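Scroll down for the structure; my scribbles are underneath it.
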Amino acid sequence: MSSEPMKLVLYVAGATPKSVAAIANLQRICDTHLAGRYVIEVVDLKKQPHLAREHNIVAIPTLVRQLPVPIRKIIGDLSDSEKVLVHLRIGEG
């Protein structure tokens with residue numbers, strides 16, 4: 001397994017209930033399954049709208065696993081922990 005931390009970028013649009021829930025859910029999932037092995041960056045597309053086009057974000061909230069490659073994306077408030085873990089391939093390898 002790589003010693004590189006998992007790099008996760010969460011794209012949100014302001015402090016909507018869905019965005020706030022996604023941030024809290026992501027933090028909980030990472031604390032539980034990736035303790036000390038992750039980096040989370042939250043990008044507010046209301047403050048940086050140009051990043052939506054640059055990073056091909058079509059819905060929010062969107063979570064992007066940038067490292068390890070390949071890049072993987074999941075859309076939604078991340079309330080289904082199992083779906084998030086499977087989709088991001090957390091716990092494999």
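The values are calculated or read from the model by the stated rules, or taken from the named source; none is laboratory data. This is a predicted model, so every value here is computed, not measured. Backbone-built Cβ (ideal geometry, glycine too); neighbour counts: all protein chains shown. For accessibility, only protein heavy atoms count, side chains too; no ligands or nucleic acids. Shrake-Rupley method; radii C 1.70, N 1.55, O 1.52, S 1.80 Å.
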Among the residues of segment 39-48, count how many are surrounded by fewer than 17 Cβ atoms within 10 Å (Cβ to Cβ) and touching a residue at least 12 places away in the same chain (Cβ under 8 Å).
6
Can you tell me which residue within segment 49-82, out of those that are more than 10 Å from residue 10 (Cα to Cα) and of a type in the set (Ser, Thr, Tyr), is most open to solvent (accessible area, probe 1.4 Å)?
79
For segment 9-38, pairs from a residue that is without any contact (Cβ under 8 Å) to a residue 40 or more places away in the chain and aromatic (Phe, Trp, Tyr) to a residue that is open to solvent by less than 10 Å² (accessible area, probe 1.4 Å) and in a helix (DSSP H, G or I), with Cβ under 9 Å and 6 or more apart or across chains, are 38/30
So, in segment 3-52, how many residues would count as being part of a loop (DSSP other than H, G, I, E, B) and either under 13 Å from the mean Cα position of the chain (by Cα) or closer than 18 Å to residue 86 by Cα (or both)?
4
Residues that are within 25 Å of residue 4 (Cα to Cα), assigned to a loop (DSSP other than H, G, I, E, B) and at pLDDT below 95, drawn from segment 58-93
68, 69, 70, 71, 89, 90, 91, 92, 93
